[in-house]
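Here the structure comes first, spelled out in structure tokens, and everything after it is commentary.
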Amino acid sequence: MYKVIGSTKTRAMRVLWAMHEIGLEYEHIKASAQSEEAKLANPSGKVPSLNVDGVIINDSTAIITYLADKHGQLSYPAGTIERAQQDSLTQFILDELDAVLWTAARHTFVLPEDKRVKNIKETLRWEFAKSLNTLEARMVEGPNLMGKKFTIPDIILTHIGGWARVAKFDVPDGKLRDYFRHQIKRKAYITASTLY
Ligand SMILES: N[C@@H](CCC(=O)N[C@@H](CS)C(=O)NCC(=O)O)C(=O)O
């Protein structure tokens, strides 16, 4: 039995979305970051975690990759060129977009106030915009990042699109906006995003 630990308002949303795309049964522990339940699964107190028959996996990308490989969906098989290209997109999105939004969040409400750097957001917004341009240049004919096949980086990127909107990081009109509009119509996304 799978147990997803982490509220929908966090990166746990990525895991819940993947669960619904694959069609898996799971229990949802709607724990906040730094709650007792989160700390039981991960000493850092971060969410999400996945409990697989008593064994814990931390990190949304590690969890989704495990589920995708195990159930043969949302991913090209390991050892293929397509998988290498898919992983390359995943790493770019994590390094250049997820990390930037996370740094903005840390300096807004996560770090103790005396550790926050003021005015860091201006630089982060600039970096984010630059990375969106790079990503657009890498995009192939869709509707997904890897073309016809919907894969792991689509989940991560689309989640980041929603996060950017909430954090007021601009996504200008263009290929990526159209891409986000398309992805958020997926049934599994809508189902997962209405869980609390
Ligand atoms: N790379 C990790 C990041 C996990 C993470 O930072 N989660 C946030 C919530 S989305 C969290 O728990 N933050 C609380 C903290 O850092 O104290 C993942 O993708 O799961």
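The values are calculated or read from the model by the stated rules, or taken from the named source; none is laboratory data. Computed from a predicted structure; not experimentally measured. Here Cβ is always computed from backbone atoms with ideal geometry, including for glycine, and neighbour counts include all displayed protein chains.
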Pair list, Cβ < 7 Å and 6+ apart or interchain, from region 106-127 residues that are surrounded by 14 or more Cβ atoms within 10 Å (Cβ to Cβ) to residues that are not charged (D, E, K, R) and not in a helix (DSSP H, G or I)
His107/Val117; Arg125/Phe169
Quick one: in region 175-196, which of the residues that are small (Gly, Ala, Ser) and modelled with pLDDT of 95 or more is surrounded by the most Cβ atoms within 10 Å (Cβ to Cβ)?
Ala192
